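Worksheet for the structure shown next.
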Amino acid sequence: MSKTTRKYKKHGTARGNRTRRGGGRAQPAGEADLYREMKVMSRSHLRQLWESAQHGMPLEGEAARTVQVMREHPEYAALWPRLDELADAELEQDGVDPLLHIMIHTTLENQLAENNPPVTGEVLEALLAQGLSRHEALHRMGSVLVEEIFGVLQEGRPFDAAGYDRELRKLTRGIR
């Protein structure tokens, strides 16, 4: 298991290690219902994107990037058409939540496409120059994003853009 995979598992893509929003605090009934509703909507949206792409429908922007990320993960391809049918435990693949994994990738692809923050493109180029594949570079960058999101959720603090930039830049110096 790579260091990046362990980090993904440590901070959010491994179901057994993830606490749900707010550091695992108890959810009021209405909040739990909202979470379930959002989860169903997200799964349905991803399935619809996948089906649209499979039928050759044109997709643009974030939708196109999401489908491209889904295609870059053939190990999950059998899941995409069945997202509405699968229980949480059926989604997990080798300790990884494929939906969260795809969302982290898509978030990075969106940051790159929008050049916001600009450091994402700079770090990606530097990692590629160091000989990493694009996919592995995105995994390393994703581990930084997961750590920041985990901190936001666990500590109830705002996203630390400066800290995110700083941690991404560390990837290029071999500190991580």
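Read the figures in this text as sums done on the coordinates, not as results from a lab. On a predicted model such as this, the values are computed, not experimentally measured, just so you know. Reconstructed Cβ throughout: ideal geometry from the backbone, glycine too, with neighbour counts over all protein chains shown.
Things worth noting here:
- Rg [Å, one decimal], Dmax [Å, integer] - the range 123-176, C-alpha atoms: 11.8, 37
- Computed magnitude of the charge dipole of the range 72-176 (debye, nearest 20; Cβ of K, R +1, Cβ of D, E -1): 640
- Fully extended contour minus Cα-Cα distance, from Arg134 to Ala32, at 0.36 nm per residue: 33.0 nm
- Rounded FRET efficiency, nearest 0.05, which uses the C-beta distance separating Gln54 from Ala126 and R0 of 35 Å: 0.50
- Applying 1/(1 + (r/R0)^6) with r as the Cβ-Cβ distance of Asp160 and Asp84 and R0 = 35 angstrom yields a FRET efficiency of 0.50.
- Sites Arg71 and His45, calculated FRET efficiency, Cβ-Cβ separation with R0 22 Å, nearest 0.05: 0.85
- The tail of the calculated P(r) for the range 29-176 beyond 22 Å holds 47 percent of all Cα-Cα pairs.
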